1. Would you please name the residue that is surrounded by the fewest Cβ atoms within 10 Å (Cβ to Cβ), looking only at residues in region 56-91 that are within 20 Å of Asp121 (Cβ to Cβ) and among the acidic types (Asp, Glu)?
2. Within the bounds of region 125-136, is there any residue that is out of contact with any helix residue (DSSP H, G or I) (no Cβ under 8 Å at 6 or more places or on another chain), of a type in the set (Phe, Trp, Tyr) and in a loop (DSSP other than H, G, I, E, B)?
3. Within region 163-180, restricting attention to residues that are under 19 Å from Ala109 (Cα atoms) and more than 17 Å from the chain's Cα centre (by Cα), which residue is surrounded by the most Cβ atoms within 10 Å (Cβ to Cβ)?
4. Condition (residue is more than 22 Å from Val32 (Cβ to Cβ), in contact (Cβ under 8 Å) with a residue 60 or more places away in the chain and buried (at least 24 other Cβ atoms within 10 Å of the Cβ)) applied to region 132-141: is it met by at least one residue?
5. Among the residues of region 171-187, what is the count of those that are assigned to a strand (DSSP E or B), farther than 15 Å from Gly159 by Cβ and out of contact with any helix residue (DSSP H, G or I) (no Cβ under 9 Å at 6 or more places or on another chain)?
6. Modelled with pLDDT under 90, assigned to a helix (DSSP H, G or I) and surrounded by fewer than 18 Cβ atoms within 10 Å (Cβ to Cβ): which single residue out of Arg94, Arg31 fits that description?
Amino acid sequence: MRIIAGEFRGIALASVGKGDAGAHLRPTTDRVRESLFNVLQGGKFGDPIDGARALDLFAGTGALGLEALSRGAEQVCFVDDGRKSGQLIRENIRITRTKDRTRVVAADATRLPANGEAPFDLIFLDPPYGKALGEKALAAAVKGGWVADNALIVWEESGPQQAPIGFDLLDQRRYGDTHVTFLEPSE
C-alpha cells in the first residue's frame with residue numbers, strides 16, 4: 001500500500017500484515033483509491049480536497065485521509081476504535097511526517113463525541129462491509145457537529161447505498177466489489 005499522488009507520492013505505508021483477527025481491516029486498494037481520487041479531482045465536485053478539513057471515519061490504516069492530505073487537504077482527523085488500526089494510523093502519520101496536520105480519535109464512529117472544532121468538509125466513510133454501520137456513523141457525525149453544511153461525503157461499501165434522510169445522492173461508482181457513493185447534506 002502506498003500514497004498514489006501529491007506531496008507524499010510513492011511513500012509506502014505500514015503493512016497491515018496478519019493484523020488483528022478482530023480488527024476486520026480491509027484497506028482500500030491502491031487501484032480503488034486512485035480511481036476514487038481521480039473522480040474527486042476530476043472537476044465534477046469542484047476541488048473538494050484543496051484546503052479541506054477531512055474526516056476519515058473507520059480510518060483503518062488512514063490511507064484515505066493521508067492520500068487527501070498528500071493531495072492538498074489542510075488537515076485530517078482519523079476516527080477508529082481498533083487497537084491495531086490506531087497503531088497503523090500513528091505509524092503512517094510518522095512515515096508521512098504529518099503529525100502537525102493530523103489528529104487521531106480513538107472512538108467508535110457510530111458513537112462519536114461532540115466535535116469541539118470546526119466541522120469537516122470532506123468525509124470518508126469506509127465501514128466494515130455489510131454491517132449497516134455507515135448510516136449510523138453518518139447520523140452520529142451530524143449529531144456531534146462533525147459535518148459541515150457543504151460537506152462532500154465519500155461512502156465506500158460492498159453495495160450501492162441510498163442517501164439517508166438529510167442527504168442528497170450526487171453520484172455512485174463501482175470498482176469491482178467496492179461501491180462508492182457520493183453524498184452531500186440536503187439544503
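1. Going through the qualifying residues, I end up with Glu74.
2. Step one: of region 125-136, the residues out of contact with any helix residue (DSSP H, G or I) (no Cβ under 8 Å at 6 or more places or on another chain) are 128-132, 134-135.
If we keep only those that are of a type in the set (Phe, Trp, Tyr) as well, we get 129.
Checking which are in a loop (DSSP other than H, G, I, E, B) leaves us with 129.
Among the residues of region 125-136, at least one is out of contact with any helix residue (DSSP H, G or I) (no Cβ under 8 Å at 6 or more places or on another chain), of a type in the set (Phe, Trp, Tyr) and in a loop (DSSP other than H, G, I, E, B), which makes the answer yes.
3. Here the answer is Phe167.
4. Quick first cut of region 132-141, residues more than 22 Å from Val32 (Cβ to Cβ) only: 136, 139-141.
Imposing the further condition that a residue be in contact (Cβ under 8 Å) with a residue 60 or more places away in the chain reduces the set to 141.
From what's left, buried (at least 24 other Cβ atoms within 10 Å of the Cβ): 141.
So far as region 132-141 goes, yes, one or more of its residues are more than 22 Å from Val32 (Cβ to Cβ), in contact (Cβ under 8 Å) with a residue 60 or more places away in the chain and buried (at least 24 other Cβ atoms within 10 Å of the Cβ).
5. 1
6. Numbers: Arg94 fails: modelled with pLDDT under 90.
It is Arg31.
The values are calculated or read from the model by the stated rules, or taken from the named source; none is laboratory data. These figures come from a predicted structure and were not determined experimentally. With ideal geometry, Cβ positions are generated from the backbone for all residues, glycine too; neighbour counts draw on all protein chains shown.
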